[in-house]
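*Asks:* For reference, the structure I am asking about is given below.
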Amino acid sequence: MSQPILSVENVTMRFGGVTAIDHLSFAVQKGEIYGLIGPNGAGKTTIFNNITGNYIPTEGRIVFDGKEITGTKPNKVVDLGIARTFQNIRLFKSMSVLENVLIGYHNRMHYTYFEAIFRLPRYWGYEKRIKARAMELLEEFGIADLADTEATALSYGNQRKVEIARAVATDPKLLLLDEPAAGMNPSETEDLSIIIHKIKKDFDLTILLIEHDMKFVNNMCDRLTVLDYGENIFVGTPADAIVDEKVITAYLGEFKHA
Amino acid sequence: MDFTTFLQQMINGFSLGSMYALIAIGYTMVYGVLRLINFAHGDIMMVGAFLVYLAHAAGLSFPAAVLVGVLGAILVGVLTDKVAYKPLREAPKISLLITAIGISFFLENLFNVLFGGVPRAFPAPDYLTQVIHIGKLYLPTTALVIPVVTLLILAGVLWVLYRTKYGMAIRALAFDIPTVKLMGINADGIISLVFALGSALAAVGGIFYAISYPSIDPLMGIIVGLKAFAAAVLGGIGSVTGAVLGGFILGFTEILVVAAFPDLGGYKDAFAFFFLILVLLFRPTGIMGEDLERGRF
């Protein structure tokens with residue numbers, strides 16, 4: 001196998017006495033959709049926070065695209081090519097849908113304070129070009145008609161799309177999606193999985209996603225890791241996961257003891 | 001009060017309101033981004049005016065001295081954030097507030113120790129202090145220059161906020177700092193920009209103030225700063241347009257009250273705060289303010 005685009009090596013994350021992640025390792029290959037599943041509190045979101053630099057792992061290292069990124073600041077991690085969305089949608093309220101996506105392009109608008117103040121050609125050029133690109137991106141998500149709407153006025157499903165579009169705007173190689181289908185009805189979920197496949201192809205993305213909805217995971221993921229109490233208990237295809245004894249115990253264990 | 005007097009007072013109110021508005025913008029922008037009432041902001045205004053005085057005393061021409069004053073105020077404002085506020089980003093907001101009060105005392109006393117507390121005459125050039133007669137109106141040049149410059153600056157600030165990527169980042173910071181970082185944006189750089197912008201405007205406000213009441217001293221920022229803060233709250237803290245509106249309302253009220261009741265002139269500062277209390281009784285979020293968890297600017 002070629003060198004993975006992301007490899008999490010022996011990462012441990014402790015919060016005081018609580019071990020959220022315990023010597024976790026997994027590797028994501030370029031171009032795949034990789035799932036991270038597990039019961040609540042298994043440490044899934046924590047590992048996202050480790051990768052994006054919000055938390056520095058207690059032990060272990062994270063390598064992205066051949067470079068160690070352990071402890072790199074969040075805004076630098078984005079520059080290297082990792083973007084994420086949140087479990088609870090975090091849009092910039094009362095800013096328009098278009099503005100929310102434009103923020104994602106911040107570092108690709110190459111003009112300086114000076115050029116902005118004197119409104120030099122580069123300022124106008126970037127403002128115009130980036131706006132056009134942002135509109136194309138919204139088109140891709142099927143929400144271009146909502147560009148001028150206040151972000152919070154959108155339906156839950158559409159807010160999720162804006163959040164993913166905003167992440168894609170930062171031009172990532174790796175996109176981290178934290179429960180993208182949470183709170184969606186089956187038809188919205190269906191719609192979303194089509195869009196995710198499409199943007200993966202159009203923007204040449206690798207995707208790492210956290211999800212609870214097994215049908216969605218089955219539908220989306222090439223491979224997955226199952227986490228339980230911060231430990232990796234399974235790596236393989238979704239089809240193998242649902243018949244694996246350890247995985248079944250992790251999910252249904254409490255019923256056995258009941 | 002006849003019409004000429006009224007017009008005369010309105011023009012004075014416009015000038016005074018301009019100064020309050022310029023200083024209030026700094027309060028409101030820092031609050032919008034950091035949820036901090038930057039009590040040192042009034043002193044930044046003093047620093048700006050003082051540096052103009054010092055640069056001029058050192059032999060620079062007035063315009064060059066103004067440049068020194070504005071750049072110096074920006075430097076002090078940004079440094080204050082880097083040294084005193086940045087280490088407290090994750091700390092409770094009350095620690096930040098107390099630190100701001102500390103910085104305010106520090107700047108006042110530093111200038112007191114270095115330059116003494118005796119008021120000094122501000123070196124306003126003749127072309128700004130000349131008096132023009134238009135009919136029965138009696139106008140210092142500043143009464144025209146101050147509002148015009150203020151309106152130009154305000155247009156510039158609104159343009160930066162709503163038409164550039166920097167402004168968009170500032171507005172986004174008001175909602176969610178960690179998410180802004182995840183857009184690849186250097187949030188601390190944008191916060192520095194907010195302090196730089198606010199300090200520059202405060203310095204301009206301070207210079208106008210020093211020209212109009214032609215003396216400066218290390219404590220001049222206290223009462224003007226407090227009134228500009230009142231203006232920001234009146235307009236709805238966090239809202240830039242609100243701060244401008246609050247500044248002008250406060251300026252007009254103060255001037256008109258004194259004009260209408262000359263005997264009460266000594267209480268003009270009290271009127272400003274009385275008016276603030278009155279507005280807040282009926283509209284606790286200020287004129288343009290929305291509920292605190294929603295967007296700003």
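The values are calculated or read from the model by the stated rules, or taken from the named source; none is laboratory data. All values reported here derive from a predicted model rather than from experimental measurement. Cβ placement follows ideal geometry from the backbone for every residue including glycine, while neighbour counts extend to all protein chains displayed.
*Asks:* Scan (1) more than 21 Å from A:ILE207 (Cα to Cα); (2) within 12 Å of another protein chain (Cβ to nearest Cβ); (3) touching a strand residue (DSSP E or B) at 6+ places or on another chain (Cβ under 8 Å) for the single condition A:PHE48 breaks and write down its number.
*Replies:* The single condition A:PHE48 does not satisfy is (1).
*Asks:* Okay, next question. When region B:76-100 is examined, which residues are found to be under 21 Å from B:ALA203 (Cβ atoms), out of contact with any Ser or Thr (no Cβ under 8 Å at 6 or more places or on another chain) and of a type in the set (A, V, I, L, M)?
*Replies:* Residues satisfying the conditions are B:LEU79, B:VAL83, B:ALA100.
*Asks:* Another question about this same structure. With the requirement that a residue be closer than 27 Å to A:ASP148 by Cα and either surrounded by fewer than 17 Cβ atoms within 10 Å (Cβ to Cβ) or in contact with a Lys or Arg (Cβ under 7 Å, 6 or more places away or on another chain) (or both), what does region B:129-159 give you?
*Replies:* B:ALA155, B:GLY156, B:LEU158, B:TRP159
*Asks:* Within region A:25-48, identify whether any single residue is more than 21 Å from A:PHE216 (Cβ to Cβ) and assigned to a strand (DSSP E or B), and answer yes or no.
*Replies:* Yes: region A:25-48 contains one or more residues that are more than 21 Å from A:PHE216 (Cβ to Cβ) and assigned to a strand (DSSP E or B).
Let's see how each residue does on (1) surrounded by 17 or more Cβ atoms within 10 Å (Cβ to Cβ); (2) outside the structural domain of A:ARG14 (by TED's automatic domain parsing); (3) over 22 Å from A:GLU99 (Cβ atoms):
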site: A:ILE164; (1), (2), (3): yes, yes, no
site: A:VAL217; (1), (2), (3): yes, no, yes
site: A:ARG223; (1), (2), (3): yes, no, yes
site: A:GLY230; (1), (2), (3): yes, no, yes
site: A:ALA239; (1), (2), (3): no, no, yes
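*Asks:* Regarding A:ILE62, is this residue hydrophobic (A, V, I, L, M, F, W, C), part of a strand (DSSP E or B) and surrounded by 16 or more Cβ atoms within 10 Å (Cβ to Cβ)?
*Replies:* Yes, satisfied.
*Asks:* Still on this model: Could you please find all residues in region A:92-122 being crowded, with 23+ Cβ neighbours inside 10 Å and either more than 7 Å from every other protein chain (Cβ to nearest Cβ) or hydroxyl-bearing (Ser, Thr, Tyr) (or both)?
*Replies:* Listed by number, the residues that qualify are A:VAL97, A:ASN100, A:VAL101, A:TYR105.
*Asks:* Considering region B:244-264 alone, what residues qualify as being farther than 17 Å from B:SER15 by Cβ and outside any loop (DSSP other than H, G, I, E, B)?
*Replies:* The answer is B:ALA260, B:PRO262, B:ASP263, B:LEU264.
Table: residues versus (1) closer than 26 Å to B:GLY32 by Cα; (2) touching a strand residue (DSSP E or B) at 6+ places or on another chain (Cβ under 6 Å).
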{"residue": "A:SER2", "(1), (2)": "no, no"}
{"residue": "A:VAL11", "(1), (2)": "no, yes"}
{"residue": "A:HIS23", "(1), (2)": "no, yes"}
{"residue": "A:ILE33", "(1), (2)": "no, yes"}
{"residue": "A:GLY41", "(1), (2)": "no, no"}
{"residue": "A:GLY71", "(1), (2)": "no, no"}
{"residue": "A:ASN100", "(1), (2)": "yes, no"}
{"residue": "A:HIS106", "(1), (2)": "yes, no"}
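*Asks:* Away from every other protein chain (no Cβ under 14 Å), touching a residue at least 60 places away in the same chain (Cβ under 8 Å), more than 12 Å from A:LYS44 (Cβ to Cβ) and surrounded by 16 or more Cβ atoms within 10 Å (Cβ to Cβ) - does that describe any residue in region A:195-202?
*Replies:* Yes; the residues of region A:195-202 include at least one that is away from every other protein chain (no Cβ under 14 Å), touching a residue at least 60 places away in the same chain (Cβ under 8 Å), more than 12 Å from A:LYS44 (Cβ to Cβ) and surrounded by 16 or more Cβ atoms within 10 Å (Cβ to Cβ).
*Asks:* Taking the options B:VAL52, B:VAL83, B:VAL70, name whichever one is modelled with pLDDT of 95 or more, within 21 Å of B:ILE223 (Cα to Cα) and either loosely packed, with under 15 Cβ neighbours inside 10 Å or under 15 Å from the mean Cα position of the chain (by Cα) (or both).
*Replies:* B:VAL70
*Asks:* For region B:55-78, check the following and say yes or no: at least one residue is without any contact (Cβ under 8 Å) to a residue 40 or more places away in the chain, within 16 Å of B:ALA121 (Cβ to Cβ), assigned to a helix (DSSP H, G or I) and not acidic (Asp, Glu).
*Replies:* There is at least one residue in region B:55-78 that is without any contact (Cβ under 8 Å) to a residue 40 or more places away in the chain, within 16 Å of B:ALA121 (Cβ to Cβ), assigned to a helix (DSSP H, G or I) and not acidic (Asp, Glu).
*Asks:* Moving to a separate point now. Would you call A:ILE89 in a helix (DSSP H, G or I), modelled with pLDDT under 95, of a type in the set (A, V, I, L, M, F, W, C) and within 14 Å of the chain's Cα centre (by Cα)?
*Replies:* Spelling it out, it is not the case that A:ILE89 is in a helix (DSSP H, G or I), modelled with pLDDT under 95, of a type in the set (A, V, I, L, M, F, W, C) and within 14 Å of the chain's Cα centre (by Cα).
*Asks:* Can you tell me which residue within region B:2-32, out of those that are β-branched (Val, Ile, Thr) and buried (at least 24 other Cβ atoms within 10 Å of the Cβ), is farthest from the chain's Cα centre (by Cα)?
*Replies:* It comes out as B:VAL30.
*Asks:* Among the listed residues B:GLY156, B:GLY117, identify the single one that is outside any helix (DSSP H, G or I) and of a type outside the set (Val, Ile, Thr).
*Replies:* Testing whether each residue is outside any helix (DSSP H, G or I) and of a type outside the set (Val, Ile, Thr) leaves just B:GLY117.
*Asks:* Restricting region A:118-167 to residues that are touching a strand residue (DSSP E or B) at 6+ places or on another chain (Cβ under 9 Å) and not in a helix (DSSP H, G or I), which is nearest to A:ILE194 (Cα to Cα)?
*Replies:* The extreme case among them is A:ALA147.
*Asks:* Taking strands (runs of 3 or more DSSP E) that do not extend beyond region A:168-246, which have at least 1 residues that are among the hydroxyl-bearing types (Ser, Thr, Tyr)?
*Replies:* The qualifying strands (runs of 3 or more DSSP E) are A:206-210, A:223-228.
*Asks:* Given the conditions (1) within 14 Å of chain A (Cβ to nearest Cβ); (2) out of contact with any Pro (no Cβ under 7 Å at 6 or more places or on another chain), which single one is not true for B:LYS181?
*Replies:* (2)
*Asks:* Oh, and also: Mind telling me which of the residues A:GLY31, A:GLY35 ends up being at pLDDT 90 or above, buried (at least 18 other Cβ atoms within 10 Å of the Cβ) and of a type outside the set (Ser, Thr, Tyr)?
*Replies:* One residue alone meets the criteria, A:GLY35.
*Asks:* Residue under question is A:LYS131, and the condition is that it be more than 25 Å from A:ILE207 (Cβ to Cβ) and either modelled with pLDDT of 90 or more or buried (at least 17 other Cβ atoms within 10 Å of the Cβ) (or both); does it hold?
*Replies:* Against the criterion (more than 25 Å from A:ILE207 (Cβ to Cβ) and either modelled with pLDDT of 90 or more or buried (at least 17 other Cβ atoms within 10 Å of the Cβ) (or both)), A:LYS131 qualifies.
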